[in-house]
Amino acid sequence: MIVTQGFLVSMTFERGHIGYFISFVLVGGVLGSALAVLVAKIFPTLSIVKENLTAPVGFNLEVLAFSMKVNPGTLAGMIAGIIFFRKA
């Protein structure tokens, strides 16, 4: 919660909070993907959670390259990031 002049204000999709929203979604995606790999190693029967849903999506600028593979764990983490952003 954000305190403004003594009032609690929840985070909303306003212009000033867009950076926080993007960071919550990205961190949620990374943590969700890592958790999916961990779950798949502990419980091999649940290896479906780390299967890729798409081919790697990204860009290459010769100096900097970025790519992301989307799996069910990534999606779950992104959704959790959105939920945490709304609660923050």
In sequence order, calculated HN-Hα J values of the range 77-88 (Karplus, 6.51, -1.76, 1.60; Hz; x Gly/Pro): x, 5, 5, 5, x, 5, 5, 5, 4, 5, 7, 6
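Is the shape of the range 13-85 rounded, prolate or oblate, going by the alpha carbon gyration tensor and its root eigenvalues a ≥ b ≥ c, with a/c under 1.5 for rounded and a/b larger than b/c for prolate?
Details: a/c = 2.77, a/b = 1.30, b/c = 2.12.
Note, shape of the range 13-85 comes out oblate.
Find out how many positive minus negative residues lie around SER33, taking Lys and Arg as positive, Asp and Glu as negative, among other residues whose Cβ is under 14 Å from that of SER33.
+2
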Please list the non-local residues whose amide H lies under 5 Å from the amide H of MET68, H modeled 1.01 Å from N, same-chain partners needing a gap of 5 or more. VAL57, GLY58
Karplus-derived 3J(HN,Hα) from phi for the range 55-66 (6.51 cos²θ - 1.76 cosθ + 1.60, θ = phi - 60°), whole Hz, x at Gly and Pro, runs 6, x, 10, x, 8, 10, 10, 6, 9, 10, 10, 9
Rank-order 47-59, 19-31 by packing density, defined as the average count of other C-beta atoms within 10 Å over each peptide's residues, highest first. 19-31, 47-59
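Quick note: the coordinates plus some simple rules give every number you see, no bench work behind them. Predicted model, so just to flag it, every value in this text is computed and none were measured. Virtual Cβ from ideal backbone geometry, glycine too; neighbours counted across all protein chains shown.
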